[in-house]
Amino acid sequence: MHKQIFVNLPVKDLARAKEFWSSLGYSFDSKFSGEKSACIIMGESILVMLLVEDLFASFAHKPVCDAHERVEVLHALSCDNREHVDTLIAKARAAGATIPDEAEDHGFMYAQGFYDLDGHGWNCCAWVAEAESK
Amino acid sequence: MHKQIFVNLSVKDLPRSKEFWSSLGYRFEAKFTNDQGACLVLGENLFVMLLVEEFFAGFTNKPISDAHERTEVLNCLSCDSREHVDSLVAKAKAAGATTPKEPIDHGFMYAHGFHDIDGHVWELVHMVAEGECQ
């Protein structure tokens, strides 16, 4: 079992990406942030490393996927409630994200997603507690 | 802040992928596992959803990237010790993963990794606590 995950993603413009994620309310861990990288704190054990493309490529051993064109991964993040989902989506939209779909309400789960400035896909999901959804 | 992350990745052959990750010692959450997807438990709040391509495609309006050809994400997992890193890489290799890089020892951090059978890249790091590496 693992304590932490560091999700490493390539970004075209680090300063712009940092501004995007800051405007969604996230903070950065300065210990893992520098000229070519920034570490977003998404949760106690969830960290996202934004890496400029040449640094990312040096770790990848394969060409970097343009996430506007194709998708390898979709990250889903648990949210506290529907308002948490709605707030993040509203902030993401205002900051330039693409919102491909309407929010989905499955009763037990409320979810909506966005593509960030680099095309990486994120889904925000709030699970309704079992008793609550009845 | 988010409590849980679900990393959604597409796989070509779900039973084969389940066998791969099982042989590394991981278990699956039955509640989120069926013939279209399997929920791999990586940590207390860290999950990977292995989804068959057709199901994965339903969550995005973009074509699926072939992870053998290009990389959008490098998922990096913290490990308890160097032995933990080495043992996972050895099991992954025996189960069909490729390991294009040698392990790296930075003193404060020991890292190795593998590309799984669908080409998704996994990095494993053990960070030495301050004081320990002196």
Selection count, the stretch A:1-22, where residues are closer than 14 Å to residue A:37 by Cα and surrounded by fewer than 17 Cβ atoms within 10 Å (Cβ to Cβ): 5
Qualifying position, being in the same structural domain as residue B:2 (by TED's automatic domain parsing), touching a His at 6+ places or on another chain (Cβ under 7 Å) and closer than 29 Å to residue A:69 by Cα, among B:46, B:77, B:40: B:46
Neighbours by Cβ (under 6 Å, 6+ apart or cross-chain): first from the stretch A:53-71, farther than 24 Å from residue B:55 by Cα; second of a type in the set (Ser, Thr, Tyr): A:60/B:71; A:62/B:71
Segments classed as strands (runs of 3 or more DSSP E), wholly inside the stretch A:23-134, with at least 1 members that are more than 9 Å from chain B (Cβ to nearest Cβ), touching a His at 6+ places or on another chain (Cβ under 7 Å) and of a type outside the set (S, T, N, Q): A:121-127
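Listed here are the residues, each with its yes/no results for (1) under 16 Å from the mean Cα position of the chain (by Cα); (2) assigned by TED's automatic domain parsing to the domain that holds residue B:3.
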| position | (1), (2) |
| --- | --- |
| B:35 | no, yes |
| B:51 | yes, yes |
| B:64 | no, no |
| B:86 | yes, no |
| B:90 | yes, no |
| B:93 | yes, no |
| B:102 | no, no |
| B:112 | yes, no |
Matching residues in the stretch A:80-98 - criterion: being of a type in the set (Val, Ile, Thr), closer than 11 Å to residue A:124 by Cβ and surrounded by fewer than 16 Cβ atoms within 10 Å (Cβ to Cβ): A:87
Pick from the stretch A:1-22, criterion within 14 Å of chain B (Cβ to nearest Cβ), part of a loop (DSSP other than H, G, I, E, B) and in contact (Cβ under 8 Å) with a residue 40 or more places away in the chain, ranking: nearest to residue B:84 (Cα to Cα): A:3
Counted residues, the stretch A:46-105 - those being among the acidic types (Asp, Glu) and touching an Asp or Glu at 6+ places or on another chain (Cβ under 7 Å): 1
From A:12, A:3, A:36, A:91, residue being among the basic types (Lys, Arg), in contact with a helix residue (DSSP H, G or I) (Cβ under 9 Å, 6 or more places away or on another chain) and closer than 20 Å to residue B:5 by Cβ: A:91
Per-region count, the stretch B:53-111, residues aromatic (Phe, Trp, Tyr), out of contact with any Cys (no Cβ under 6 Å at 6 or more places or on another chain) and more than 27 Å from residue B:15 (Cβ to Cβ): 1
Yes/no for residue A:57 being in the same structural domain as residue A:5 (by TED's automatic domain parsing) and more than 17 Å from the chain's Cα centre (by Cα): yes
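The values are calculated or read from the model by the stated rules, or taken from the named source; none is laboratory data. These figures come from a predicted structure and were not determined experimentally. Reconstructed Cβ throughout: ideal geometry from the backbone, glycine too, with neighbour counts over all protein chains shown.
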